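Below: the structure, in structure tokens.
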Amino acid sequence: MGGSSAQGECRRAALARRCLPAGPRGLRPVPRDGGRPAAGGALLAGWSGLATVRPVSNERSRTRIAPRLVVLALGAACLLAGLDAALVRLSLPALVTGAELAALHGPLMLVGFLGTVISLERAVAARASWAYAAPAASALGCLLLLAGAPQPVGRALLVISAAALCAIYLRVHRRAPAPAVDVEAMGALALLLGNLLWLRGFPLETVVPLWLLLPTLTIVGERLELARVAFLDPAVEALVRALSAAAVLGACFMVVWPTARLATGPALAGLAVVMAYHDVARRTIRADGGVRFMAASMLAGYAWLAVAGLTWSLWGFTGLAGAGYEIIVHAIAVGYAFSMILAHAPVIIPAIVHRRLAYHRAMWVPYALLHAGMAVRVGGLIADSAGIWQAGGALGVAAILVFMALSLTRVVTSGGIASPGGRPGGPLPGRRAAAGGAL
């Protein structure tokens, strides 16, 4: 009996070390080999080799969190402005109206919000003060454009942001080269090229395909790193890297050769199939609680990525009487990216702000609104029904707002990770989910 108990305790200790999220509780991971952690960042990628942790003082923790909160607030401002612009584009009542705001809907959502959040997570993982130039410049550039600043000024800041993000990945690659890092870096390079083209005056329809690859390949890279921890076949890593490169090359050639969509579209569809097949979410969907919620969000995201890839392949951005553009952009930016945000928020947010975001059944509400809204929106576009299209768009906006309100309420009312409300003996945010395999 005693020997069995001791063995069980050892297994639990090993599991805790394996699944420790990046950043929560102010603890620093220390790899067994004495080197630096792998490049996975706050999504637990590359953290399987943890042996010990070192506490970080509360004062140092607060000093590090302050700039993160500022950048996060700027990104949230871009998100709220982008949602307002979405209502304007849908011809629905909005707090602020105007053609200028509506025209910035894409940049605010893809670069101002998604670009800022991704860059912020990378800056936190990089542990270098200069890395915060990436998320800060991304949000400020879009907000300056929103405020009416000269176009070259705001767009130049976006170029600086993307260049800083590429520099982060170069730093990571030198420390810990891996196929997952290569995939994520391709997304950053696509963002940089898109921002450069926009600075040169190219229309949004030309640069959006490149912008879409940032959230797509960042998430693919994160999930690939986690699958690698689970002993994924190196051949699958090579396949994912090849498909990612094909997607980027196709999007680049689309600038001068629209038929290059026949490279990007199938590549994205292939990524959706390969990643969904090898993702542990296929098995953890049968679990319950937060583990099941995370798995459901990830699988739904892969489904929308497949929809985008198939639409991109068969009709392109100009097909379906112009509906192809709307379907592709929102299937990736909303159906795929935001679904993955729902899945990983309980890990990412605590890693950034050092406060808990525990799973709650109410999280299924934005999940249902998000995917129902996407289905209604796509149906309205195919049926050429403005009313159905508007209803789907409104549901999508509501889903994001509900998620923001729910997350903010849960974070504010929860204890800090190192505070009495987050007592040292309590479970780490995301540990139960990680232990269950949802990540």
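In the stretch 127-139, the residue that is farthest from the chain's Cα centre (by Cα) out of those that are of a type outside the set (Ser, Thr, Tyr) and over 20 Å from Asn195 (Cβ atoms) is Ala128. Return yes or no: is Tyr359 of a type in the set (Ser, Thr, Tyr), touching a Gly at 6+ places or on another chain (Cβ under 8 Å), within 21 Å of Leu401 (Cβ to Cβ) and not in a helix (DSSP H, G or I)? Answer is yes for this residue. Count of the stretch 303-319 residues, restricted to those that are assigned to a helix (DSSP H, G or I) and touching a Lys or Arg at 6+ places or on another chain (Cβ under 9 Å), is 2. Selection of the stretch 284-313 for residues being aliphatic (A, V, I, L, M) and closer than 18 Å to Met363 by Cα yields Ile285, Ala287, Val291, Met294, Ala295, Ala296, Met298, Leu299, Ala300. Check whether at least one residue in the stretch 46-69 is under 30 Å from Leu226 (Cα atoms), under 20 Å from the mean Cα position of the chain (by Cα), modelled with pLDDT of 95 or more and surrounded by fewer than 22 Cβ atoms within 10 Å (Cβ to Cβ), and report yes or no. No, because not a single residue in the stretch 46-69 is under 30 Å from Leu226 (Cα atoms), under 20 Å from the mean Cα position of the chain (by Cα), modelled with pLDDT of 95 or more and surrounded by fewer than 22 Cβ atoms within 10 Å (Cβ to Cβ). Filtering the stretch 160-187 down to residues that are among the aliphatic types (A, V, I, L, M) and farther than 23 Å from Arg68 by Cβ, which residue is surrounded by the fewest Cβ atoms within 10 Å (Cβ to Cβ)? Per the criteria, the residue is Ala178. Whether any residue in the stretch 204-218 is without any contact (Cβ under 8 Å) to a residue 60 or more places away in the chain and assigned to a loop (DSSP other than H, G, I, E, B) is what I want to check. No; the residues of the stretch 204-218 include none that is without any contact (Cβ under 8 Å) to a residue 60 or more places away in the chain and assigned to a loop (DSSP other than H, G, I, E, B).
Please work out if Val236 is under 22 Å from His105 (Cα atoms), modelled with pLDDT under 95, among the hydrophobic types (A, V, I, L, M, F, W, C) and more than 18 Å from the chain's Cα centre (by Cα). No, not satisfied. Among the residues of the stretch 243-291, the ones that are farther than 30 Å from Leu192 by Cβ, in a helix (DSSP H, G or I) and touching a residue at least 40 places away in the same chain (Cβ under 8 Å) come to 6 in all. Residues of the stretch 164-180 that are at pLDDT 95 or above and in contact with a helix residue (DSSP H, G or I) (Cβ under 6 Å, 6 or more places away or on another chain): Ala164, Leu165, Cys166, Ile168, Tyr169. Of all the listed residues (Ala276, Ala323), the sole one being touching an Asp or Glu at 6+ places or on another chain (Cβ under 9 Å) and under 27 Å from Tyr367 (Cβ atoms) is Ala323. The set of residues in the stretch 219-233 being more than 25 Å from Leu104 (Cα to Cα), of a type outside the set (D, E, K, R) and outside any loop (DSSP other than H, G, I, E, B) consists of Val220, Gly221, Leu224, Leu226, Ala227, Val229. Screening Leu381 with (1) surrounded by fewer than 22 Cβ atoms within 10 Å (Cβ to Cβ); (2) farther than 30 Å from Arg127 by Cβ gives one miss only, at (1). Criterion applied to Gly421, Gly322, Gly392, Gly335 was being modelled with pLDDT of 95 or more, assigned to a helix (DSSP H, G or I), farther than 24 Å from Val220 by Cα and of a type in the set (Gly, Ala, Ser), and the one residue passing it is Gly392. Restricting attention to the stretch 293-306, the residues that are in contact (Cβ under 8 Å) with a residue 60 or more places away in the chain and either within 24 Å of Ala247 (Cα to Cα) or surrounded by fewer than 22 Cβ atoms within 10 Å (Cβ to Cβ) (or both) add up to 7.
The values are calculated or read from the model by the stated rules, or taken from the named source; none is laboratory data. In this text the structure is predicted, and so the values were computed from the model without any measurement. All Cβ positions, even for glycine, are placed from backbone atoms using ideal geometry, and neighbour counts span all protein chains on display.
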